[in-house]
Ligand code: VG1
Ligand code: CO
């Protein structure tokens, strides 16, 4: 096997964001673009002799050619073994599972998650470490530094591997194993949840609609829901992964999964609805006439964790990203376990889980998970809810309302202003940060501001510090306005405005969310001037 050295130059803009490097497909197809980033990962890892790398993606456009490129580069870098999901497919949580189970050095995920795919869509690449989780900032910073100084990358001449046939092949001295992308993951789910009870639920006529959004969740849902759990065929819709997700936006929220929401609101609604995103790490939970907010879902899972066999011994603690509502905090307090508040992005949960400080983690962006892997996990959340529905015999709406009655309701919404001109967005945040010292203590529109800051996080395990993680304006009644810029977009900037208001009184739990939060939204506009500065009449997406 002769290694070929290819001369290259640094390419601007290869800094990993909230969840890896995400760019338009056309950018990734530029000469050396993918290769530079992969070599930057390998340079950061150093000697990989004797090591295993796990490789797979969400099946979007450019997934297959990217895998062939990375396999040849892994051979040149001296890996001993690469495990690839059949068809080039591995959901993000499944890759995390395989890395852990097979003792790999790490994994590479090819996905832009909830961003649209296809030749005009987005592509992405992310490195996960030996714990199965997204590389922490220390590693992503090192990878970025490598992209700034790269002068060459290494590959070998070898034909493409057959991605569709299970089994092993050699690429130079590298052993490539094409593995079943579902098997390890499905086995793990069977250990965590009461499959017998869920099977009995379906056998008793319980109905469900799982929307795979033409993304990578489909094969997992087919195998587990319709296979292992005996749900009727047709339970899973849009279950075949397509390179362009059928033209859909594979983000499981009430806006992008409008069809599912309409079904659940209509006369022929099944008992339960759910959806997952491009790489199957996000989830949306829907009951008849009620979409469960992700923040509530985390809190409800925490409050009921022990119904699932995998959590029967109780939970060690909970973690949520800063913009996520405080609903989980109230459950943690009631259980007497700690609740950690981290910056946005799953990579910040890894240390907490590795150190055994938390069992459950969640984000307002339709992400929930546990320490069974080191990624958020869409189908895991759906299976938890199925286990809870089976154990309680109650419908989703009753469970949610019962939870609010006990803990109070955190009205919550996120307003996104997408593809805003980057400079205008940066200026907005800069001006907002400059205002912070003068805001605390002021009363505006009937709200008294108790705290106004830019969220900073010190990791309790490795003591690394992350600054500038989002502006928080917290009222004296606990209501919050949070603003930050997205780190996953590929067009201009996306401003995210998060609104939260706590209501203890059950007589006041049935307001429309946007109505309940209108006062806070108006105050946010008064302080930050989003509409005024961007010229937008309102948010592009409200979830
Ligand atoms: C968004 C979400 C964040 C999530 C990230 C990756 O990031 O807000 O909570 O962890 O996407 O999710 P941002 O920086 O755009 O707000 V996924 O499903 O892309 O892996
Ligand atoms: Co995702």
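Which residue, of 15, 60, is in contact with a strand residue (DSSP E or B) (Cβ under 7 Å, 6 or more places away or on another chain), assigned to a loop (DSSP other than H, G, I, E, B) and in the same structural domain as residue 94 (by TED's automatic domain parsing)? Spell out the reasoning first.
Details: 15 fails: in contact with a strand residue (DSSP E or B) (Cβ under 7 Å, 6 or more places away or on another chain).
Going through 15, 60 in turn, just one is in contact with a strand residue (DSSP E or B) (Cβ under 7 Å, 6 or more places away or on another chain), assigned to a loop (DSSP other than H, G, I, E, B) and in the same structural domain as residue 94 (by TED's automatic domain parsing): 60.
Condition test on residue 154, is it touching a strand residue (DSSP E or B) at 6+ places or on another chain (Cβ under 7 Å), more than 16 Å from ligand 1 (Cβ to nearest atom) and assigned to a strand (DSSP E or B)? Give the derivation first.
Working: touching a strand residue (DSSP E or B) at 6+ places or on another chain (Cβ under 7 Å): yes; more than 16 Å from ligand 1 (Cβ to nearest atom): yes; assigned to a strand (DSSP E or B): yes.
So residue 154 passes the test.
How many residues are within 30 Å of residue 136 (Cα to Cα) and assigned to a helix (DSSP H, G or I) when one looks only at the stretch 435-470?
1
Which of the following residues is out of contact with any strand residue (DSSP E or B) (no Cβ under 6 Å at 6 or more places or on another chain), farther than 19 Å from residue 42 by Cβ, at pLDDT below 95 and not in a strand (DSSP E or B): 93, 116?
The conditions single out 116.
Those residues that are part of a loop (DSSP other than H, G, I, E, B), out of contact with any strand residue (DSSP E or B) (no Cβ under 6 Å at 6 or more places or on another chain) and in contact (Cβ under 8 Å) with a residue 24 or more places away in the chain, I need them from the stretch 509-530; list them, please.
Restricting attention to the stretch 509-530, the residues satisfying the condition of being part of a loop (DSSP other than H, G, I, E, B) are 509-512, 529.
So of that shortlist, the ones also out of contact with any strand residue (DSSP E or B) (no Cβ under 6 Å at 6 or more places or on another chain) come out as 510-512, 529.
The answer is 511, 529.
Of the conditions (1) buried (at least 24 other Cβ atoms within 10 Å of the Cβ); (2) within 15 Å of ligand 1 (Cβ to nearest atom); (3) not in a helix (DSSP H, G or I), residue 273 fails just one. Which one is it?
(2)
Of all residues in the stretch 493-514, how many are within 16 Å of ligand 1 (Cβ to nearest atom) and either closer than 24 Å to residue 441 by Cβ or surrounded by fewer than 17 Cβ atoms within 10 Å (Cβ to Cβ) (or both)? Steps first, answer last, please.
Keep residues of the stretch 493-514 that are within 16 Å of ligand 1 (Cβ to nearest atom), which gives 493-500.
With the extra rule that they be either closer than 24 Å to residue 441 by Cβ or surrounded by fewer than 17 Cβ atoms within 10 Å (Cβ to Cβ) (or both), the set shrinks to 497-500.
Going through the stretch 493-514 one residue at a time, the tally reaches 4.
When the residues of the stretch 477-492 are filtered to those that are within 19 Å of residue 413 (Cβ to Cβ) and more than 8 Å from ligand 1 (Cβ to nearest atom), which remaining residue is surrounded by the most Cβ atoms within 10 Å (Cβ to Cβ)?
Checked the stretch 477-492; the qualifying residue surrounded by the most Cβ atoms within 10 Å (Cβ to Cβ) is 481.
Quickly run through the stretch 333-347 and pick out the residues that are crowded, with 24+ Cβ neighbours inside 10 Å and more than 12 Å from the chain's Cα centre (by Cα).
Within the stretch 333-347, 342 is the sole residue that qualifies.
Would it be correct to say that residue 92 is within 16 Å of ligand 2 (Cβ to nearest atom) and either in contact (Cβ under 8 Å) with a residue 40 or more places away in the chain or crowded, with 22+ Cβ neighbours inside 10 Å (or both)? Even if it seems obvious, please write down each step before you answer.
On the way: within 16 Å of ligand 2 (Cβ to nearest atom): yes; either in contact (Cβ under 8 Å) with a residue 40 or more places away in the chain or crowded, with 22+ Cβ neighbours inside 10 Å (or both): yes.
Against the criterion (within 16 Å of ligand 2 (Cβ to nearest atom) and either in contact (Cβ under 8 Å) with a residue 40 or more places away in the chain or crowded, with 22+ Cβ neighbours inside 10 Å (or both)), residue 92 qualifies.
Of all residues in the stretch 392-430, how many are touching a helix residue (DSSP H, G or I) at 6+ places or on another chain (Cβ under 7 Å) and more than 24 Å from residue 252 (Cβ to Cβ)?
5
Given the criteria surrounded by fewer than 18 Cβ atoms within 10 Å (Cβ to Cβ) and modelled with pLDDT of 95 or more, does residue 226 qualify? Working first, answer last.
Details: surrounded by fewer than 18 Cβ atoms within 10 Å (Cβ to Cβ): no; modelled with pLDDT of 95 or more: yes.
Spelling it out, it is not the case that residue 226 is surrounded by fewer than 18 Cβ atoms within 10 Å (Cβ to Cβ) and modelled with pLDDT of 95 or more.
Going by the structure shown, is residue 307 touching a residue at least 60 places away in the same chain (Cβ under 8 Å) and either more than 16 Å from ligand 2 (Cβ to nearest atom) or within 16 Å of the chain's Cα centre (by Cα) (or both)?
Working: touching a residue at least 60 places away in the same chain (Cβ under 8 Å): yes; either more than 16 Å from ligand 2 (Cβ to nearest atom) or within 16 Å of the chain's Cα centre (by Cα) (or both): yes.
When the stated conditions are applied, residue 307 passes them.
For residue 144, all conditions in the list (1) within 28 Å of the chain's Cα centre (by Cα); (2) at pLDDT below 95 hold save one; what is the number of the exception?
Tallying (1) within 28 Å of the chain's Cα centre (by Cα); (2) at pLDDT below 95, residue 144 fails exactly one: (2).
Quick check on the stretch 531-542. Is at least one of its residues crowded, with 19+ Cβ neighbours inside 10 Å, under 22 Å from residue 438 (Cα atoms), outside the structural domain of residue 251 (by TED's automatic domain parsing) and touching a residue at least 40 places away in the same chain (Cβ under 8 Å)? Talk me through it step by step, then tell me what you get.
If we filter the stretch 531-542 for residues that are crowded, with 19+ Cβ neighbours inside 10 Å, which is where we start, we get 539.
Filter once more, keeping what is under 22 Å from residue 438 (Cα atoms): none.
There is no residue in the stretch 531-542 that is crowded, with 19+ Cβ neighbours inside 10 Å, under 22 Å from residue 438 (Cα atoms), outside the structural domain of residue 251 (by TED's automatic domain parsing) and touching a residue at least 40 places away in the same chain (Cβ under 8 Å).
Can you say whether residue 210 is crowded, with 16+ Cβ neighbours inside 10 Å, under 21 Å from the mean Cα position of the chain (by Cα) and touching a residue at least 40 places away in the same chain (Cβ under 8 Å), as far as the supplied structure shows? Steps first, answer last, please.
Numbers: crowded, with 16+ Cβ neighbours inside 10 Å: yes; under 21 Å from the mean Cα position of the chain (by Cα): yes; touching a residue at least 40 places away in the same chain (Cβ under 8 Å): yes.
Yes, satisfied.
The values are calculated or read from the model by the stated rules, or taken from the named source; none is laboratory data. The model shown is predicted, which means the values in this text are computed figures rather than measured ones. Glycine gets a Cβ as well: all are built from the backbone with ideal geometry, and neighbour counts include every protein chain shown.
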